[in-house]
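Student: Here it is, the structure, as structure tokens.
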Amino acid sequence: MPFRLIRETVEARITAKTVEIFHRGKLVATHQRSFCQHRPTTIADHMPSSHRRYRDWTHERILREATAVGDDTAALVEIILRSRPHPEQGFRSCIGILGLAKRYDPERLDAACARALALGTRSYGSVAAILKNAQGRKTTDKTEQPSLFHENIRGPGYYH
């Protein structure tokens, strides 16, 4: 039904082939009935403009654009899409992260996504904050030295 009727009382007439929606006795929408479970059938004109903006995005397109930025960006986007009960719920976060490529270079965005993965965060806000605070710089030295040296500190090699 049209989005402007959200929270309004409507009546539905469901036949073998169609679904008709009435508001105050007036027919406002007619859909072909779909028997595919958990697959909404939406007419674009019934969607608010903020939702229409995302209707052309697909999983494949989001993953393709994330891969073009970098491997860590693709991994974060894939995790976001898999972590939601319905992957479409993660589209806004993913598209927002990809939109950061307009303000930051791809290497820096990919480094911020790598930092977000290391921190276990899965949101646009966390990636944007990492970029804003310049925490996403990739380090060239892969060996991390302990911040404190003492004879009683065993280190990671002790346990192997």
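The values are calculated or read from the model by the stated rules, or taken from the named source; none is laboratory data. Bear in mind that the values here come from a model prediction, so they are computed numbers and not experimental data. So basically every Cβ, Gly included, is an ideal-geometry build from the backbone, and we count neighbours across all protein chains shown.
Student: Would you confirm whether any residue within segment 110-130 is over 18 Å from ASP71 (Cβ atoms), within 11 Å of the chain's Cα centre (by Cα), outside any helix (DSSP H, G or I) and of a type outside the set (A, V, I, L, M, F, W, C)?
Tutor: yes
Student: Taking the stated definitions as given, is ALA29 over 16 Å from the mean Cα position of the chain (by Cα) and either modelled with pLDDT under 80 or not assigned by TED's automatic domain parsing to the domain that holds HIS86 (or both)? Walk me through it before giving the result.
Tutor: Numbers: over 16 Å from the mean Cα position of the chain (by Cα): yes; either modelled with pLDDT under 80 or not assigned by TED's automatic domain parsing to the domain that holds HIS86 (or both): yes.
The answer is yes for ALA29.
Student: I've got another one for you. Against the definition (modelled with pLDDT of 90 or more and either touching a strand residue (DSSP E or B) at 6+ places or on another chain (Cβ under 9 Å) or surrounded by 10 or more Cβ atoms within 10 Å (Cβ to Cβ) (or both)), how does ALA12 come out, yes or no? If you could, list the steps in order and put the result at the bottom.
Tutor: Working: modelled with pLDDT of 90 or more: yes; either touching a strand residue (DSSP E or B) at 6+ places or on another chain (Cβ under 9 Å) or surrounded by 10 or more Cβ atoms within 10 Å (Cβ to Cβ) (or both): yes.
Considered against the rule, which asks whether it is modelled with pLDDT of 90 or more and either touching a strand residue (DSSP E or B) at 6+ places or on another chain (Cβ under 9 Å) or surrounded by 10 or more Cβ atoms within 10 Å (Cβ to Cβ) (or both), ALA12 comes out as yes.
Student: Still on this structure, please answer the following. Of the residues ILE62, ILE21, which single one is under 30 Å from CYS113 (Cα atoms), modelled with pLDDT of 75 or more and aliphatic (A, V, I, L, M)? Step through it out loud before you land on a result.
Tutor: Numbers: ILE21 fails: under 30 Å from CYS113 (Cα atoms).
Testing whether each residue is under 30 Å from CYS113 (Cα atoms), modelled with pLDDT of 75 or more and aliphatic (A, V, I, L, M) leaves just ILE62.
Student: Is at least one residue of segment 124-141 among the small types (Gly, Ala, Ser) and either at pLDDT below 90 or more than 26 Å from HIS59 (Cα to Cα) (or both)?
Tutor: Looking through segment 124-141, at least one residue is among the small types (Gly, Ala, Ser) and either at pLDDT below 90 or more than 26 Å from HIS59 (Cα to Cα) (or both).
Student: Let me ask you something else. Among (1) buried (at least 16 other Cβ atoms within 10 Å of the Cβ); (2) modelled with pLDDT under 80, which single condition is HIS86 missing?
Tutor: Checking HIS86 against (1) buried (at least 16 other Cβ atoms within 10 Å of the Cβ); (2) modelled with pLDDT under 80, the one that fails is (1).
Student: Another question, if that's okay. So in segment 80-102, with the set limited to residues that are more than 9 Å from the chain's Cα centre (by Cα) and touching a residue at least 24 places away in the same chain (Cβ under 8 Å), which one is farthest from ALA134 (Cα to Cα)?
Tutor: Going through segment 80-102, the residues more than 9 Å from the chain's Cα centre (by Cα) turn out to be 82-83, 85-86, 98-102.
From the residues that got through so far, the ones that are touching a residue at least 24 places away in the same chain (Cβ under 8 Å) too are 83, 98, 100-101.
Values: SER83: 27, LEU98: 18, LEU100: 14, ALA101: 15 Å.
This residue is SER83.
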